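The values are calculated or read from the model by the stated rules, or taken from the named source; none is laboratory data. Just so we're clear, the structure is a prediction, and the values are computed from it rather than from any experiment. Quick reminder, even Gly has a Cβ in these numbers, built from the backbone with ideal geometry, and neighbours come from all protein chains shown. Calculation scope for accessible area: heavy atoms of the full protein, side chains included, ligands and nucleic acids excluded. Shrake-Rupley method; radii C 1.70, N 1.55, O 1.52, S 1.80 Å.
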Amino acid sequence: EKLLELEVARLEVENYENHVDIIQTMHTECSPNVSWELVKNTEQPTEPLKKCEQEECAQYFFDNHKMTFFNKFFNMYEKKKEKLQVKLNDAKKEDAKILESAMIIHNKKWQEWQSSVEIATQILDGKTEAYLDAIKEMSPFQEFDHLGSKILFTIIDKNTCMINFTAHGDKIVPQEIK
């Protein structure tokens with residue numbers, strides 16, 4: 001129990017120190033530069049190919065099923081062939097599900113790519129409203145959300161963005177030392 005209390009205290013101190021470190025260094029941290037030309041020229045995600053791995057495997061067993069003396073003697077050949085046909089149909093459905101999942105992921109990636117290229121193109125064209133779209137999409141200040149009540153962005157021109165950060169001053173600065 002004493003070890004548990006020590007571990008809890010250690011974690012509290014670690015959280016406290018991380019919090020103080022964020023407050024003291026947030027004004028010095030910058031996101032990496034973005035090459036909007038590179039973003040604009042990024043290739044679109046490639047569409048997944050239909051793979052028939054499950055079907056091919058099942059088809060192999062279906063095609064290579066041989067009548068044996070045992071199957072012939074007990075009239076089991078047709079039943080075995082029917083079971084293999086069911087497995088083949090199930091394999092086709094499984095391959096279709098895999099492709100459908102891959103397409104859902106691809107469509108999401110494609111939409112993200114399209115949005116990024118669109119924003120990059122607008123920024124390169126000097127459209128300042130695209131700067132706000134880029135800030136929303138990239139969320140560079142997300143880790144500071146808990147520190148402030150409001151972050152206001154004002155685009156002055158294509159080279160200047162003013163950020164007004166309103167903090168919960170009475171809640172941010174710790175009142176106690178750990």
Checklist line | Of all residues in region 72-91 being surrounded by 14 or more Cβ atoms within 10 Å (Cβ to Cβ) and under 11 Å from Gln59 (Cα atoms), the one that is modelled with the lowest pLDDT | finding: Leu84
Next item on the list: List every residue pair whose Cβ atoms sit under 9 Å apart, with the two residues 6 or more apart in sequence or on different chains, where the first one lies in region 98-117 and is more than 26 Å from Leu132 (Cα to Cα) and the second, anywhere, is assigned to a helix (DSSP H, G or I) and open to solvent by less than 90 Å² (accessible area, probe 1.4 Å).
Entry: Ile98/Gln54
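Could you check, for region 100-109, whether at least one of its residues is over 30 Å from Glu53 (Cβ atoms), open to solvent by 70 Å² or more (accessible area, probe 1.4 Å) and at pLDDT 95 or above? First the steps, then the outcome.
The initial filter retains those residues of region 100-109 that are over 30 Å from Glu53 (Cβ atoms), namely none.
No.
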Checklist line | Which numbered condition Tyr16 fails, given (1) in contact with a Pro (Cβ under 9 Å, 6 or more places away or on another chain); (2) over 30 Å from Ile135 (Cα atoms) | finding: (2)
Item checked: Failed condition for Ile156, given (1) open to solvent by less than 60 Å² (accessible area, probe 1.4 Å); (2) at pLDDT below 90; (3) aliphatic (A, V, I, L, M) -> (1)
Checklist line | Complete set of residues in region 23-70 that are over 32 Å from the mean Cα position of the chain (by Cα), modelled with pLDDT of 75 or more, among the polar types (S, T, N, Q) and surrounded by 10 or more Cβ atoms within 10 Å (Cβ to Cβ) | finding: Gln59
